[in-house]
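The values are calculated or read from the model by the stated rules, or taken from the named source; none is laboratory data. Predicted, not measured: the structure shown is a model, and the values here were computed from it. Note: ideal-geometry Cβ built from the backbone for every residue, glycine included; neighbour counts use all protein chains shown.
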Amino acid sequence: MNTQLETNLIHAGEPKPGIMGAVNVPIFQSAMYEFSGESKDEFVRYIRYNNTPNHKAIEAKLAVLENGEDALVAASGMAAISTALLSVLSKGDHLLVQDRLYGGTLSLLNMQFERMGIQFGAFDSQLNDDWENNVQPNTRAILVESIGNPLMDVLDLKRLVAFAKSKQIITLIDNTFASPINFRPLEIGIDVSLHSCTKYINGHSDIVAGAIISNMELISAMRQTLINFGGTLDPHACYLLHRGMKTLAVRMRHQNESAGKLAAFLSTHPAVRIVNYPGLPSHPSFNVASKLFDGYSGMLSFELHGGETAAKAFMQHVNIPIIAPSLGGVESLVTRPALTSHSRLSAEARERLGITAGLVRVSVGLENSDDLIHDFENALGKM
Ligand code: PLP
């Protein structure tokens, strides 16, 4: 039977029958399992091999969610990203990325890849098809994000896929900000989807975890890389991720709706200079996001007319959101990317990317939408 996302979140990948009749997959906190080599086909089970019942259940569920052939969970979003990239790139290869990339990914490229002899270059997300100007004869892979942080820009991903396929370049996307509810990259031909499950997929701000979803061949190579580098997810964290995932659809739909309402409110407020939310018709990515996505996510950012001073005052006066980095949890969060996710960039680099000191990023949680709007209205009224 062909079932929908909501049903798959609950039932896909679950062991049938349940282990000793358990409705949930219990935590298998055992580093190794009995093995006497009686069957050559049987692989030794060991936590680092990502093959405990806890790993198997969530990997099967993740693969179904994004219509992949297979999936892999990892110790963090960065473990997923580094495992995936190191599986497809070798010394002398070139990786092409979009310029507005999560700061941690940029650090990985700058601090590790360069010294390993893996070259990389960035294309300008604001220029149409700029990947064509930056591709190199040795470009082996392209890495992008489904929603760019922190200005929430969305690339014309179908054009990018067509270009990459014409050059036999592997495409990888960090789909953390959109989540599988709003976007399933493999459906448009992207080869590898990556997640920081720390964010929406787990949704409760209590673990770090990552995921890779792709075809059998690539996941098999990435599984080996993960085993070699040791970036596995502990079974207890697997259990929490499994529990969090089951409510992803209801959480994400509320967050989509609430962020849409908050973005619309902010865009009419006289103190607000600009709102970045791909669900607003005024956003440069509105048309492309509307074609690709089933929802626009719970992430938005905005700038006030009063710049940095006003942003600081806003953060002091707003009550419901917690001032903290990260995103995708049940609680709303506000942060200034210039001080957090993009603090490692020079002021000039931030300026070039349009990340001003006064930019405020919001991760909309599961609070009542009207309460949030009133809280923002109140804080803005105090400036
Ligand atoms: N990708 C994106 C878009 C992120 O925002 C983050 C973390 O903030 C990561 C990847 C890294 O995830 P983790 O912190 O789980 O390693």
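Hey, does the stretch 41-48 have a residue that's closer than 22 Å to SER214 by Cα, modelled with pLDDT under 95 and under 29 Å from the mean Cα position of the chain (by Cα)? No: zero hits. Scanning the stretch 73-88 for residues that are within 8 Å of the ligand (Cβ to nearest atom) and not hydrophobic (A, V, I, L, M, F, W, C) gives SER76, GLY77.
Might you let me know whether the stretch 364-383 holds any residue that is under 30 Å from LEU240 (Cα atoms), among the polar types (S, T, N, Q) and in a strand (DSSP E or B)? Looking for residues that are under 30 Å from LEU240 (Cα atoms), among the polar types (S, T, N, Q) and in a strand (DSSP E or B), one finds none in the stretch 364-383, hence no.
Cβ separations smaller than 6 Å between residues 6+ apart or across chains give the following pairs from the stretch 98-110 residues that are farther than 15 Å from LEU155 by Cβ to residues that are within 12 Å of the ligand (Cβ to nearest atom): GLY103/SER341; GLY103/HIS342; GLY104/MET78; THR105/ILE81; LEU108/SER82.
Of the helices (runs of 4 or more DSSP H) contained entirely in the stretch 128-203, those carrying at least 1 residues that are surrounded by 21 or more Cβ atoms within 10 Å (Cβ to Cβ), among the hydrophobic types (A, V, I, L, M, F, W, C) and in contact with a strand residue (DSSP E or B) (Cβ under 6 Å, 6 or more places away or on another chain) fall at 131-134, 157-166.
Among the residues of the stretch 155-174, are any at pLDDT 95 or above, near the ligand (Cβ under 10 Å from one of its atoms) and not aliphatic (A, V, I, L, M)? Looking for residues that are at pLDDT 95 or above, near the ligand (Cβ under 10 Å from one of its atoms) and not aliphatic (A, V, I, L, M), one finds at least one in the stretch 155-174, hence yes. Of all the criteria given as (1) within 16 Å of the ligand (Cβ to nearest atom); (2) in a loop (DSSP other than H, G, I, E, B), the one not satisfied by SER301 is (2).
Just the residues that are under 10 Å from GLY244 (Cβ atoms) and in contact with a strand residue (DSSP E or B) (Cβ under 7 Å, 6 or more places away or on another chain), please, taken from the stretch 204-215.
Looking only at the stretch 204-215, we keep the residues that are under 10 Å from GLY244 (Cβ atoms), and these are 204-207, 209.
Result: ALA209, single match.
Of the numbered criteria (1) assigned to a loop (DSSP other than H, G, I, E, B); (2) away from the ligand (no atom under 16 Å from the Cβ); (3) not hydrophobic (A, V, I, L, M, F, W, C), the one SER125 fails is (2). Look at the stretch 316-327: where a residue is away from the ligand (no atom under 16 Å from the Cβ) and of a type in the set (Val, Ile, Thr) and a partner is modelled with pLDDT of 95 or more and part of a loop (DSSP other than H, G, I, E, B), sitting 6+ places away or on another chain with Cβ atoms under 7 Å, you get ILE320/SER332; ILE320/GLU367.
Would you check if there is a residue in the stretch 57-67 being within 17 Å of GLU145 (Cα to Cα), within 15 Å of the ligand (Cβ to nearest atom) and assigned by TED's automatic domain parsing to the domain that holds ASN24? No, the stretch 57-67 contains no residue that is within 17 Å of GLU145 (Cα to Cα), within 15 Å of the ligand (Cβ to nearest atom) and assigned by TED's automatic domain parsing to the domain that holds ASN24.
One residue stands out among those in the stretch 214-271 that are surrounded by 21 or more Cβ atoms within 10 Å (Cβ to Cβ), part of a helix (DSSP H, G or I) and among the small types (Gly, Ala, Ser): the one that is nearest to the chain's Cα centre (by Cα), which is GLY244. Does at least one position in the stretch 10-32 carry a residue that is in a helix (DSSP H, G or I) and either under 30 Å from SER341 (Cβ atoms) or basic (Lys, Arg) (or both)? The answer is no; no qualifying residue exists.
Can you find a residue in the stretch 201-213 that is acidic (Asp, Glu) and free of Cβ contacts under 8 Å to residues at least 24 places away in the same chain?
no
For the stretch 336-350, the criterion of a residue being under 19 Å from ALA271 (Cα atoms) and in contact (Cβ under 8 Å) with a residue 24 or more places away in the chain is satisfied by at least one position. Tell me, please, whether a residue that is part of a helix (DSSP H, G or I), within 12 Å of the ligand (Cβ to nearest atom) and buried (at least 23 other Cβ atoms within 10 Å of the Cβ) can be found in the stretch 90-109. No, that holds for no residue.
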